[in-house]
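One structure is given below, encoded as structure tokens.
The values are calculated or read from the model by the stated rules, or taken from the named source; none is laboratory data. What you see is a predicted model, and the numbers here were worked out from it, not measured in a lab. Don't worry about glycine lacking a Cβ; one is built from the backbone with ideal geometry, like all the others, and counts go over all protein chains shown.
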Amino acid sequence: MKLPLLTLCLTLASLLSVQPVSLFADPVNADKPEASVDFKSAVQQKLEPLKKQPALIHSAIGVTRKETPIPCVFSADDLNFHTGKTRILLIGGLDGSKASVNAVIEAVEWFYTADVAAPLREKFSLSAVPIANPDGWVLNQGPKNASGGNPTTGYPPLGDSYLSPTKPEAEYLWRWIGMHAPDLVLDVREGNQFEWVVPVDSLPVVQRLGKLLAPQIRPVFGWELISALAFKLPSNVGRVPALAVELDASSPRAFLPELLTAMEKSSFQSPSPARLELMRRQQRTPIQVATQLSKVYGNDLGRLSYLPVLSLISQIRLGELTDDHSRLPHVEKITQEYLKKNPQPLDNKGGGSVIAGHLLFSELTKATGNLDYLKYAKQAADLGFDDQGNMKESMPHHVEMSDAVFMSCPILAAVGRLTGESKYYDMALKHWRFIQ
């Protein structure tokens with residue numbers, strides 16, 4: 001097996017063999033919005049000016065409990081952790097204020113269109129979550145969202161990812177910042193007057209920047225975003241320098257030129273700790289990634305199905321690639337313990353996933369030469385034949401899904417190779433064509 005496939009197997013297992021958690025907020029437990037409130041259209045209309053900017057990529061960091069996408073915009077430079085530019089992230093509308101949203105959108109437009117900003121575009125990249133609390137912004141009710149929460153507080157979020165019934169916005173924002181890994185986060189808020197806000201416990205690079213901005217140095221509460229980013233690790237990646245700016249809605253003032261000028265004068269240091277960590281991770285070899293994953297996955301077998309089995313198979317392959325002779329006995333021990341409790345694995349529920357799980361036995365046959373494992377692999381492959389040995393129309397449990405190609409064809413091909421009987425290859429081809 002080539003290294004990319006090894007990494008793919010272990011990565012697939014790492015992502016899917018755990019209890020599934022939805023990437024997006026579960027709308028089931030949230031009250032549906034009133035028919036008179038069209039959150040999505042209001043947000044889309046507000047972002048129209050930014051859609052005219054060819055340099056911007058539009059996406060979303062998640063959804064609210066009303067299923068409203070939380071928009072974000074970024075450039076190609078923001079996808080390159082190794083860029084020489086300093087990467088800045090603007091957060092708008094977390095407080096639900098129109099002044100904040102307007103200011104962030106105007107700042108992004110200025111940065112990507114103004115002639116005076118052209119030299120700055122060579123030094124900085126700018127991304128934004130322009131409406132971080134979209135439902136609250138639409139309802140115009142301050143920092144409250146539409147599900148009874150206040151996403152300006154509660155950082156870092158506690159509990160399982162994205163499961164908050166009241167403010168998933170905070171969970172999405174916190175974790176997305178970690179994986180986006182900007183060099184500086186600026187939370188744009190509405191206030192009584194224009195002023196910069198630097199948390200008293202901010203990182204040194206922000207403290208130096210603050211001396212040029214003449215900000216209010218505040219003992220910002222630790223549960224606020226800009227304070228939490230200084231001492232907690234979003235997505236367990238690394239710390240991120242952060243500060244805030246408060247705007248007077250009655251007297252708008254452009255904040256971005258002032259910020260960028262101060263960053264140049266202070267010789268703002270980047271990359272951030274978070275970006276450095278992701279740069280380090282990108283430098284890992286496939287073997288290093290697989291070794292890290294092997295400490296978590298492929299160490300037990302609660303259920304003979306294709307995801308946990310792929311982890312065990314990858315343990316075997318990792319041992320072969322690294323001359324680690326402890327991994328094969330490790331997998332054999334786990335398998336034998338499973339067979340003691342489940343002497344007839346095919347009797348367990350699981351359909352096609354259980355059939356694919358029998359790849360463990362074909363791999364162990366190949367790795368050990370022990371034909372006792374082969375009988376289990378054959379039992380799964382023989383499901384493609386009737387009592388007279390004739391091929392069936394297809395392998396069972398396919399439910400006409402493309403997944404059935406992987407669930408059945410590999411075990412048929414593996415048994416064909418181990419036994420030398422061509423009928424298994426024929427059945428694999430027949431099943432493939434049936435699913436097509």
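For Ser314, the conditions (1) touching a Cys at 6+ places or on another chain (Cβ under 7 Å); (2) at positive phi are fulfilled apart from (2). Once the stretch 191-239 is narrowed to residues that are closer than 22 Å to Glu264 by Cβ and among the charged types (D, E, K, R), the residue that is nearest to the chain's Cα centre (by Cα) is Arg208. Whether any residue in the stretch 380-387 is without any contact (Cβ under 8 Å) to a residue 40 or more places away in the chain, part of a helix (DSSP H, G or I), aliphatic (A, V, I, L, M) and over 16 Å from Ile313 (Cβ atoms) is what I want to check. Among the residues of the stretch 380-387, at least one is without any contact (Cβ under 8 Å) to a residue 40 or more places away in the chain, part of a helix (DSSP H, G or I), aliphatic (A, V, I, L, M) and over 16 Å from Ile313 (Cβ atoms), which makes the answer yes. Within the stretch 79-110, the set of residues being farther than 19 Å from Leu259 by Cα, touching a helix residue (DSSP H, G or I) at 6+ places or on another chain (Cβ under 8 Å) and assigned to a helix (DSSP H, G or I) comprises Lys98 only.
Residue count for the stretch 178-189, restricted to those that are surrounded by fewer than 20 Cβ atoms within 10 Å (Cβ to Cβ) and either touching an Asp or Glu at 6+ places or on another chain (Cβ under 9 Å) or farther than 14 Å from Asp78 by Cβ (or both): 0. Is it the case that the stretch 347-365 has a residue that's assigned by TED's automatic domain parsing to the domain that holds Lys378, on the phi < 0 side of the Ramachandran plot, outside any helix (DSSP H, G or I) and small (Gly, Ala, Ser)? No, the conditions are met nowhere in the stretch 347-365. Given the condition over 25 Å from Ser294 (Cβ atoms) and touching a helix residue (DSSP H, G or I) at 6+ places or on another chain (Cβ under 9 Å), answer yes or no: does some residue in the stretch 361-372 qualify? Yes, the conditions are met somewhere in the stretch 361-372.
Would you be able to tell me the number of residues in the stretch 190-204 that are out of contact with any Ser or Thr (no Cβ under 8 Å at 6 or more places or on another chain) and either buried (at least 17 other Cβ atoms within 10 Å of the Cβ) or hydrophobic (A, V, I, L, M, F, W, C) (or both)? Of the residues in the stretch 190-204, 6 are out of contact with any Ser or Thr (no Cβ under 8 Å at 6 or more places or on another chain) and either buried (at least 17 other Cβ atoms within 10 Å of the Cβ) or hydrophobic (A, V, I, L, M, F, W, C) (or both).
Hey, can you tell me all the residues within the stretch 286-307 that are of a type outside the set (A, V, I, L, M, F, W, C) and either in contact (Cβ under 8 Å) with a residue 24 or more places away in the chain or not in a loop (DSSP other than H, G, I, E, B) (or both)?
Pro286, Gln288, Thr291, Gln292, Ser294, Tyr297, Gly298, Asn299, Asp300, Arg303, Ser305, Tyr306
A Cβ distance below 9 Å, combined with a sequence gap of six or more or placement on separate chains, defines the contacts here; from the stretch 397-421, residues that are free of Cβ contacts under 8 Å to residues at least 24 places away in the same chain and under 15 Å from Ser305 (Cα atoms) reach no residue that is of a type in the set (D, E, K, R) and not in a helix (DSSP H, G or I). Pro168 falls short on exactly one of the conditions (1) farther than 22 Å from Met263 by Cα; (2) of a type outside the set (Lys, Arg); (3) out of contact with any Phe, Trp or Tyr (no Cβ under 8 Å at 6 or more places or on another chain), and that condition is (3).
Looking across the stretch 316-342, the residues that are among the polar types (S, T, N, Q) and within 15 Å of Phe361 (Cβ to Cβ) come down to Thr335, Gln336, Asn342. Only one entry of Gly159, Gly210 meets the criterion of being surrounded by fewer than 24 Cβ atoms within 10 Å (Cβ to Cβ) and assigned to a loop (DSSP other than H, G, I, E, B), and that entry is Gly159. Listed conditions (1) surrounded by fewer than 19 Cβ atoms within 10 Å (Cβ to Cβ); (2) touching a Phe, Trp or Tyr at 6+ places or on another chain (Cβ under 9 Å); (3) among the aromatic types (Phe, Trp, Tyr); (4) at pLDDT 95 or above are all met by Trp110, apart from (2). Restricting attention to the stretch 168-202, which residues are at pLDDT below 95 and not in a strand (DSSP E or B)? Selection gives Asn192, Gln193, Phe194, Val200, Asp201, Ser202.
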